[in-house]
Amino acid sequence: MLAIIGASGKLGGATLDALLSHNLLPKDQILCCTSSQPGSSTWSSLEHKGVQVRHASFDDKASLERALAGCDKFFLVSTPKIDMDYNDAPLGSGREKHHFTAIDAARSAGVKHIYYSSLAFQNPSKSRVMQAHIRTEAYLAKLQDIKYTVMREGLYNESWPLYASYYHLKDDRRSEVPVGGDSPISWTAISDLGLASALVIVAPSSEYASKTFYLSTTQGAKTISQVLEKVSEVRSKKITTKIVTREELEDYYVQDLEQSEPAAKWWAASYDALRDQECLINDPTLENLLASKSQKPKPVEKTIEEMLRA
């Protein structure tokens, strides 16, 4: 039995959809863990897919142990509570706190293999977004009583507005977007990540045990400037980037975008990593997995056009 936590989110949902649409696992062998309660819209939407649903919370190890009982594989999608990382959270206090709890619960419940969704920055990384992932990867690597696989999932095609300083799809009037650095990014569509992740998970456990690899495209990487060229084309309005210092970007986020200072500092460091080309990936694993299903990665340009025309 496979358990998924985060199946109502983007990556977890795409992985669940891939498992079902490609008949990779019988529905009765899939369990979705959710912090929502029975009768909620989230709970009902998962039940309607024909899978089992159990309540589990990252803040409650006992609930996770109960939910994971009887499961031999566990897809651990990282917690979305990014504010846990703010203010340079010390080890064990950032998002990894939730991950450690889930990992320990899986061990107690008798899970045999954990598949963890990390992120496609380097390790070590200058990005603060990657810090909790690095800590979780290290935690898994020390374990002797359970198998693990780390999948560093590519930066979503769909996340380009975040990297373009929170570009607003409907009403952004900026002709110049400040960024703290720019370099080619191996953007990867969420649906492609879902299928690739699903194929890794359903493979024999021994095939990917103790491995860390990237799930990301290797062709067609685009800088943020090139992304905005496509945006300019679709919107018939020229939009460019302006490279600024980290401090200038943080001030912009706080003063112009009205973000909190901790949030601004946490995100702005991502551009330090981009300047070092941390998100330019050369790992063919995703493309090979998609090819096994006669599929090719979705170009970021297509995603941009779809998002802007929606």
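Read-outs: derived from the displayed coordinates by stated rules, not from any lab. If you're wondering where the values come from, they're calculated on a predicted model, not measured in any experiment. For neighbour counting, all protein chains shown are included, and Cβ atoms are generated from backbone atoms with ideal geometry for every residue, glycine included.
The table below gives the values:
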| item | result |
| --- | --- |
| Ranked Val231, Val244, criterion: other C-beta atoms within 10 Å, fewest first | Val244, Val231 |
| Computed label-point distance, nm, for sites Arg174 and Lys27 using a 7 Å Cα→Cβ extension | 4.4 nm |
| Karplus (6.51, -1.76, 1.60) ³J(HN,Hα), θ = phi - 60°, over the stretch 22-30, in Hz, Gly and Pro reported as x | 9, 6, 7, 9, x, 4, 6, 9, 10 |
| Distance-filtered residues of the stretch 144-165 - backbone nitrogen under 14 Å, label point 7 angstrom along Arg235 Cα→Cβ | 160-165 |
| Where GluC sites (Glu not before Pro) fall in DSSP loop in the stretch 245-299, at most 16 other Cβ within 10 Å | Glu258 |
| Amide H partners (placed H, <5 Å) of Ala164, local residues excluded | none |
| Least to most buried among Phe75, Phe100 (fewest other Cβ within 10 Å first) | Phe100, Phe75 |
| Residue-by-residue Karplus 3J(HN,Hα) for the stretch 46-52, coefficients 6.51, -1.76, 1.60, Hz, glycine and proline x | 6, 4, 5, 7, x, 9, 6 |
| Considering only the stretch 10-117, percent of DSSP beta bridges that pair antiparallel, nearest 5 | 10 percent |
| Listed pairs Lys170/Lys230; Lys27/Lys296; Lys142/Lys211 exceeding 20 Å between Cα atoms | Lys27/Lys296 |
| Beta bridges per DSSP with both ends in the chain, % antiparallel, nearest 5 | 5 percent |
| Per-residue [θ]222 nm for the chain (sum of -39500 (n - 2.57) over DSSP H runs n ≥ 4, rounded to 500) | -11500 deg cm²/dmol |
| Two-site label geometry, Asp88 and Val202: point separation in nm, points 7 Å out along Cα→Cβ | 4.6 nm |
| Amide hydrogen neighbours beyond the local backbone of Tyr148, cut-off 5 Å, H modeled | Ile114, Ser210 |
| Shape call, the stretch 231-309: gyration tensor on alpha carbons, a/c limit 1.5 | oblate |
| Förster radius 41 Å - calculated FRET efficiency between Asp276 and Ala209 (Cβ-Cβ, nearest 0.05) | 0.85 |
| Stokes-Einstein D in µm²/s, Kirkwood radius over Cα pairs - the stretch 64-152 at 37 °C with 0.692 mPa s viscosity | 249 µm²/s |
| Hz values of 3J(HN,Hα) by residue in the stretch 33-39 - Karplus curve (6.51, -1.76, 1.60), Gly and Pro given as x | 9, 9, 7, 6, 9, x, x |
| Distant-in-sequence amide H partners of Tyr214 (H built 1.01 Å from N, under 5 Å) | Arg152 |
| Tail weight of P(r) past 34 Å, computed on alpha-carbon pairs of the chain, percent | 22 percent |
| Ratio Rg/Rh, restricted to the stretch 145-250 and using Cα atoms, in which Rh is the Kirkwood radius | 1.11 |
| FRET E, pair Ala62, Ser292, Förster distance 35 Å, beta-carbon r, rounded to 0.05 | 0.35 |
| Nitroxide proxy distance, nm - points 7 Å out along Cα→Cβ at Leu162 and Lys242 | 2.5 nm |
| DSSP bridge orientation in the stretch 116-245 - percent antiparallel, rounded to nearest 5 | 5 percent |
| Residues His168, His22, sorted so that the one with the fewest Cβ neighbours within 10 Å comes first | His168, His22 |
| Cα convex hull of the stretch 1-120 - mean projected area over all directions, nm² | 7.6 nm² |
| Sites Gln255 and Asp72, calculated FRET efficiency, Cβ-Cβ separation with R0 51 Å, nearest 0.05 | 0.50 |
